[in-house]
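What follows is a set of notes on a single structure, which appears directly below.
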Amino acid sequence: MKNQTIILAAGISDRMKSYEPRCLIKIGEKTIIDNQINIISKLFGKDISVVGGYKYNRIQKKFDKQKISVIENKDFLNNSPAYGIKIALKFSSKSVLVIHGDLLFNYDTLNLDKSKSFLVIDNKHKMSDKEVGVVCDNGIATNLSYGLKQKWCQIAYFTGLELEILKEITLYNVDRFFTFEIINKIINMGGIFHCYEPENMRIVEIDSVKDLKNEEIKNINC
């Protein structure tokens, strides 16, 4: 059994004023997803699944000659990110990294202990105020919700009990669930997620044109 990575990249990029999916936007010489895959393949292996929706054919074409699984969420405007996890999840995986396709980050962001399920968090205003937050008690996540000061970086790693619960949950209808709601369900069912904020983490969510001017991008080797 191997580790699987699921990159959720189905969303429309209307705020980017771009005809490309956000994951295919170039930062320097590389696209966002090129940067992600380069780091992920070194730390988590090469079993990578990309869930596309908006301009799916462009993502499919990019990886046509690579060993990257590209899965289409045909009803991405009505389905949630959790549905993307459901259609991509391999039940033979021993661990699963779930990450959003509009995140630009450095190696240190993901260079973490893979023996435990975890969430990557932010207390330094790297993520937008409108993003989902997380409550951590002694380094363990207890709840994810909007309106919290401490932010979740849209990166989650599932292994052990947490992965088994994730597999069980996705057997049912999760079409309207967001990823953080799935994580809350797992916590309520006894799952434990460690909260990590790597000291040298560099991360930017590319959600709009103004994000391309974020000074933090200069500190990320693209």
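Just so you know, all these numbers are worked out from the coordinates, no wet-lab data involved. Worth saying up front: this structure is predicted, and the values here are computed from it rather than measured. Note: ideal-geometry Cβ built from the backbone for every residue, glycine included; neighbour counts use all protein chains shown.
Observations on the structure shown:
- Protection proxy ranking, highest mean first, for peptides 75-82, 111-118, 49-56: 49-56, 75-82, 111-118, where packing is the per-residue count of other beta-carbon atoms within 10 Å, averaged.
- Identified option (computed Rg/Rh (Cα atoms, Kirkwood Rh); candidates (i) 1.00; (ii) 1.04; (iii) 0.92): (iii)
- Within the chain, antiparallel bridges make up roughly 50 percent of the DSSP beta bridges whose residues both belong there.
- Applying the criteria of a DSSP loop state and at most 13 other Cβ atoms within 10 Å to the trypsin sites (Lys or Arg not before Pro) of the stretch 156-222 yields R176.
- Once you reduce the stretch 164-191 and the stretch 102-118 to the center of their Cα atoms, the two points are 21 Å from each other.
- Reported to the nearest whole Å, the Cα centre-to-centre distance from the stretch 122-140 to the stretch 77-97 is 23.
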